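Enquirer: What follows is a structure written as structure tokens; I'll ask about it next.
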Number of protein chains: 2
Amino acid sequence: MKTYKIAIAGFGGVGRATAGLLLSRRERYRQVYDADARLVAVCGSRSGLADANGLEEEQLSNLEDGLSGVAFIEESGADILIEAGPSNFRSGEPGLAYLRAALSAGRDTIVISKGALVHSGRQLRELARASGAMLKLSGAAAAALPTIDLVEHSLKGCEVLKIEGILNATTNYLLDAMTTRGIGFEAALREAQEGGFAEADPRNDTEGWDTACKLLILANFGLGANLTMDDLIVEGIQSITRERVEAWRNEGFVPKLVGSLTNVNGAFRAQVGIKTYPLADPFANIRGKDKAIRITTDAMGETIAIGSGKEPLATAAAALKDLEHILTKRGA
Amino acid sequence: MKTYKIAIAGFGGVGRATAGLLLSRRERYRQVYDADARLVAVCGSRSGLADANGLEEEQLSNLEDGLSGVAFIEESGADILIEAGPSNFRSGEPGLAYLRAALSAGRDTIVISKGALVHSGRQLRELARASGAMLKLSGAAAAALPTIDLVEHSLKGCEVLKIEGILNATTNYLLDAMTTRGIGFEAALREAQEGGFAEADPRNDTEGWDTACKLLILANFGLGANLTMDDLIVEGIQSITRERVEAWRNEGFVPKLVGSLTNVNGAFRAQVGIKTYPLADPFANIRGKDKAIRITTDAMGETIAIGSGKEPLATAAAALKDLEHILTKRGA
């Protein structure tokens, strides 16, 4: 049986859910992959815990101050890094430092936060290629919704002509509330903030940046594009009025915040903004915090996927899907 | 560069589309896989053509009588068999003989027709395991709609709790016509037969057997079940009246012929029959000849996929997706 030592950097809701799910699946890893998968280190921004023999669930509620940072993770002896920290696409940090160190050292890496992938995706890909490390990122593209999976696996061989995605839960929740209940943007936002579905500063979601990040990751890592934020036209939902939504409704259309990629002679044009869909379109019926993607290819026509897993468990499961692909490859 | 010799047994619409798409992608195979993929033989039930140096598109309209059958394909020197013949789940033939010969000899095999997989799936899996051949069947499960792909790749690690699928284009077209235009079953069927979307003897579709075949393949090859047709409860749409559809419509429900698998303590219960969905459910909006699947798992919640590729191209593309997975594995 081969031992895999796993570290998780970033220990908020998603990091904790990933740790819990990983520990609960250890028997599966043993049976299916003949793998002893040990969680050897976890850390948040200021505290952490490490044990080369493997941490148990009950230890994870008592992290020790000061055990954090790149050196702490590197010293844990981990073979595989799961990066689940906060996401800042303008700096790439704090994830970028962890990812650079792990990939440079040839460690397989599972990325959940988008910041570093958007900020320095090309560099990270090159580090991985140079060292032979695997760089996986299912959880970063749109949580449990299959996106890059579809392009790379299910539609393999086809040319992607166009992609449209409802990729951000907060804006979909807000537009859905505005459409189905006739309330305005501010009222919907307050409600979402009170329910914990929108941040105190919601602009990363409402102005379209989160969608743009996911779109850029999908384009660069799934379609071999090389886009930066400057290549994207990004519009949000903050200026959509109740009256505008009502007018669309009266015409039988539902507004969605959509990220789209259009293949123009082999290069992808990327855009984030409102699109409206007739009621019979599957996109019109993407409710609440669900997500969806529509991929149009030359030979398979339109393929739509809709995901509605509960967070943070669904994102944790996406990251651990990556882990199984790593175990498959490394165990072969 | 490695040479792969490919034979296609079964040369109706899907077989021909597969041959055409394969030939058009030869440059891709060279570039992406360093593979020289040659079509070395094709045959229908009574005629065929073979050339160890590779057939070209223009030769495929002049097949020679008498060049057909298992011995003909075996003598072509093919490394990979694509089986695209007519589907008969009661006998498994004519595909079964081709598949047994290829898998016994260790040849990688891509199956498009369902008959042999339903009739002798277990035996074929065992032949493949014994010889080390790959047995791929994306095109048999539901054409371009990703089904087994989702379970095996995108949802990897999760426990499947339930699957529902709209897997048969003909019945979906008929129910859609009955629902949206208020016509009866007989009128919808005549129309579909005139348009070429339903067979002269439509019972394989309308009585639910085609859906049952796909469901059984999905259960046995995607979920490790070991079901036979006797384990399935199969009901069709032939007795659904216009009045019944109208009553559903007045209540806001849309009827669909659905194959479902339910995980009961680790074993799957399988059933084909009518289910009704409210208008806001994505399944209510699966139009015409589109297909859809909804997979519920423990950690990722509901994942829905909808496919609307044009036939026979979409099925050909599904089979050639399998080919790329074979090229990836064999080229490694």
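Enquirer: Which numbered condition in (1) under 19 Å from the mean Cα position of the chain (by Cα); (2) free of Cβ contacts under 8 Å to residues at least 12 places away in the same chain is the only one that B:Leu81 fails?
Expert: (2)
Enquirer: Considering only residues that are surrounded by fewer than 24 Cβ atoms within 10 Å (Cβ to Cβ) and either facing another protein chain (nearest Cβ under 7 Å) or not aliphatic (A, V, I, L, M) (or both), which ones fall in region A:138-154?
Expert: Scanning region A:138-154 gives A:Glu152, A:His153.
Enquirer: Of the residues B:Gly252, B:Gly259, B:Gly222, which is more than 23 Å from B:Gly139 (Cα to Cα) and outside the structural domain of B:Ala128 (by TED's automatic domain parsing)?
Expert: None of the other options fit; the residue is B:Gly252.
Enquirer: Sort through A:Leu137, A:Leu117, A:Leu67, A:Leu145 and tell me the only one that's under 20 Å from A:Leu23 (Cβ atoms) and of a type outside the set (Gly, Ala, Ser).
Expert: Sole residue among the options that is under 20 Å from A:Leu23 (Cβ atoms) and of a type outside the set (Gly, Ala, Ser): A:Leu67.
Enquirer: Now for a separate question. Taking only region B:134-162 into account, find how many residues are in contact with a Gly (Cβ under 8 Å, 6 or more places away or on another chain) and either closer than 14 Å to B:Ser113 by Cα or not in a helix (DSSP H, G or I) (or both).
Expert: Going through region B:134-162 one residue at a time, the tally reaches 7.
Enquirer: So, one more: Counting only residues that are over 13 Å from the mean Cα position of the chain (by Cα) and within 7 Å of chain B (Cβ to nearest Cβ), which one in region A:310-324 is modelled with the lowest pLDDT?
Expert: The qualifying residue modelled with the lowest pLDDT is A:Lys310.
Enquirer: Could you figure out which of (1) modelled with pLDDT of 95 or more; (2) under 22 Å from the mean Cα position of the chain (by Cα) isn't true of A:Val264?
Expert: Among (1) modelled with pLDDT of 95 or more; (2) under 22 Å from the mean Cα position of the chain (by Cα), the lone unmet condition for A:Val264 is (2).
Enquirer: Filter region A:295-325 down to the residues that are of a type in the set (Val, Ile, Thr) and surrounded by 23 or more Cβ atoms within 10 Å (Cβ to Cβ) and list them by number.
Expert: Of everything in region A:295-325, those that are of a type in the set (Val, Ile, Thr) and surrounded by 23 or more Cβ atoms within 10 Å (Cβ to Cβ) turn out to be A:Ile295, A:Thr297, A:Thr303, A:Ile304, A:Ile306, A:Thr315.
Enquirer: Select from region A:277-294 the residues that are in a strand (DSSP E or B) and of a type in the set (D, E, K, R) and write down the one among them that is surrounded by the most Cβ atoms within 10 Å (Cβ to Cβ).
Expert: The selected residue is A:Lys291.
Enquirer: Only one of (1) farther than 13 Å from A:Ile6 by Cα; (2) in contact with a Cys (Cβ under 7 Å, 6 or more places away or on another chain); (3) not aromatic (Phe, Trp, Tyr) is not met by A:Val32, so which one is it?
Expert: Here A:Val32 clears every test but (2).
Enquirer: Counting residues that are farther than 19 Å from A:Ala116 by Cα and touching a helix residue (DSSP H, G or I) at 6+ places or on another chain (Cβ under 9 Å), which helices (runs of 4 or more DSSP H) fully inside region A:202-276 reach at least 1?
Expert: Of the helices (runs of 4 or more DSSP H) lying wholly inside region A:202-276, those with at least 1 residues that are farther than 19 Å from A:Ala116 by Cα and touching a helix residue (DSSP H, G or I) at 6+ places or on another chain (Cβ under 9 Å) span A:203-206, A:242-250.
Enquirer: Need the failing condition index for A:Gly92 against (1) under 24 Å from the mean Cα position of the chain (by Cα); (2) in contact (Cβ under 8 Å) with a residue 60 or more places away in the chain, just the number.
Expert: So the condition that A:Gly92 fails would be (2).
Enquirer: Of all residues in region A:165-187, how many are crowded, with 19+ Cβ neighbours inside 10 Å and within 13 Å of chain B (Cβ to nearest Cβ)?
Expert: The number of residues fulfilling the criteria is 4.
Enquirer: Given the criteria assigned to a helix (DSSP H, G or I), surrounded by 24 or more Cβ atoms within 10 Å (Cβ to Cβ) and of a type in the set (A, V, I, L, M), does B:Ala128 qualify?
Expert: It is false that B:Ala128 is assigned to a helix (DSSP H, G or I), surrounded by 24 or more Cβ atoms within 10 Å (Cβ to Cβ) and of a type in the set (A, V, I, L, M).
Enquirer: So, one more: Considering each residue of region A:246-302, count those that are at the interface with chain B (Cβ under 8 Å from one of its Cβ atoms) and of a type in the set (Asp, Glu), and give that number.
Expert: 2
Enquirer: Same structure, new question: Restricting the search to region B:1-51, which residues are among the charged types (D, E, K, R), surrounded by 15 or more Cβ atoms within 10 Å (Cβ to Cβ), in contact with a strand residue (DSSP E or B) (Cβ under 7 Å, 6 or more places away or on another chain) and in contact (Cβ under 8 Å) with a residue 40 or more places away in the chain?
Expert: B:Lys5 - this is the single residue of region B:1-51 that is among the charged types (D, E, K, R), surrounded by 15 or more Cβ atoms within 10 Å (Cβ to Cβ), in contact with a strand residue (DSSP E or B) (Cβ under 7 Å, 6 or more places away or on another chain) and in contact (Cβ under 8 Å) with a residue 40 or more places away in the chain.
Enquirer: For A:Val272, are the conditions met, namely being outside the structural domain of A:Phe89 (by TED's automatic domain parsing), at pLDDT 95 or above and over 20 Å from the mean Cα position of the chain (by Cα)?
Expert: Judged against the criteria, A:Val272 is not a match.
The values are calculated or read from the model by the stated rules, or taken from the named source; none is laboratory data. Everything numeric here is computed off the predicted structure, so don't read it as measured data. With ideal geometry, Cβ positions are generated from the backbone for all residues, glycine too; neighbour counts draw on all protein chains shown.
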